[in-house]
1. Looking at (1) open to solvent by 10 Å² or more (accessible area, probe 1.4 Å); (2) under 22 Å from Arg50 (Cα atoms); (3) aliphatic (A, V, I, L, M), which is the only condition Ile232 fails?
2. Hey, could you check segment 28-71 for residues that are among the small types (Gly, Ala, Ser) and within 22 Å of Thr198 (Cα to Cα) and say which is surrounded by the fewest Cβ atoms within 10 Å (Cβ to Cβ)?
3. Condition first: open to solvent by 10 Å² or more (accessible area, probe 1.4 Å), in contact (Cβ under 8 Å) with a residue 60 or more places away in the chain and part of a loop (DSSP other than H, G, I, E, B). Can you find one or more residues in segment 116-130 that meet it?
4. Across segment 46-77, which residue is nearest to Thr134 (Cα to Cα) among those that are of a type in the set (Ser, Thr, Tyr) and in a loop (DSSP other than H, G, I, E, B)?
5. Considering only segment 222-236, how many residues are in a loop (DSSP other than H, G, I, E, B) and either closer than 21 Å to Thr8 by Cα or at pLDDT 95 or above (or both)?
Amino acid sequence: MILTPAYTYPDQVPVLLRQQGYAMLSPSAVAHLAGCDLAQLMALRPSWDRLASDNYLKDGGHYRKRRHSCFVVDGDAVTQAPHRAHWQPVEYNALHGGMERWFEPMEPQVVAAPAWHGLLRALARISSTLKGNTPWFVEAHQFRIDTEGGIGRPTPEGAHRDGVDLVAVFLVARENIKGGETRVFEAQGPAGQRFTLTEPWSLLLLDDERVIHESTPIQPVGEQAHRDTLVITLRAGGFQGA
């Protein structure tokens, strides 16, 4: 059974993030926040067909493709940072932490799109509302989890935090799969919530200091079965690095 997420209005996002540590937005609300049409966001989707293999999976799998780029958002100014490795401490990622992972950068036509800049500015505004005005160091990850091996794992590291201030998880596509349920838990308590994102460009926002999250494995129910997501993290003070 698929549990539908409870979407909120954009102006209620800061309230819910303070109250419960997470909030969910519909595709139309995401477009409103980004100051663009939903069609402009949908126009970014073909890029997910051109992701490169993730060669760092320690569970021996070959089910994940991705691209990764970094940005700095200071007010309305969005600047792409020089290409760098993705790095997390083992405290936040026991499976892949402590290692530099170099992924192919996002395609130039994606990062140049007005809708992309609108997304980053919108997330920076939310972060500043919660944490105070500051430049935001942004890492963007395009993911495709496929099922060619019979099963795909969106979060092979399990329930985790990312070591940042704000996490944004966008569902971009969900094709011929079952599973992929999202689970959010209090970092310091027993409360939790589970639901399944099914609509392209629906969004889960997470206050990374307060909650941990994971997504369950996916299995195919048809041909070309996969789940595409965009994960954007925002961190004050600088990028994570060894």
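The values are calculated or read from the model by the stated rules, or taken from the named source; none is laboratory data. Since this is a predicted model, take the numbers as computed values, not measurements. Don't worry about glycine lacking a Cβ; one is built from the backbone with ideal geometry, like all the others, and counts go over all protein chains shown. The protein model used for the area step is the full one, side chains on, heavy atoms only, and it has no ligands, DNA or RNA in it. Shrake-Rupley method; radii C 1.70, N 1.55, O 1.52, S 1.80 Å.
1. Exception for Ile232: condition (1).
2. Restricting to residues being among the small types (Gly, Ala, Ser) and within 22 Å of Thr198 (Cα to Cα), the top hit is Ala39.
3. No, segment 116-130 contains no residue that is open to solvent by 10 Å² or more (accessible area, probe 1.4 Å), in contact (Cβ under 8 Å) with a residue 60 or more places away in the chain and part of a loop (DSSP other than H, G, I, E, B).
4. Our first condition is that a residue be of a type in the set (Ser, Thr, Tyr); within segment 46-77, this holds for 47, 53, 56, 63, 69.
With the extra rule that they be in a loop (DSSP other than H, G, I, E, B), the set shrinks to 56, 63.
Working: Tyr56: 33, Tyr63: 37 Å.
Only one residue tops the list, namely Tyr56.
5. 1
Quick grid of which residues meet (1) surrounded by fewer than 20 Cβ atoms within 10 Å (Cβ to Cβ); (2) at pLDDT below 90; (3) within 23 Å of Leu41 (Cβ to Cβ); (4) in contact with an Asp or Glu (Cβ under 7 Å, 6 or more places away or on another chain):
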| position | (1), (2), (3), (4) |
| --- | --- |
| Gly150 | yes, yes, no, no |
| Val167 | no, no, yes, yes |
| Gly189 | yes, yes, no, no |
| Ser202 | no, no, yes, no |
| Leu205 | no, no, yes, no |
| Ile212 | no, no, no, no |
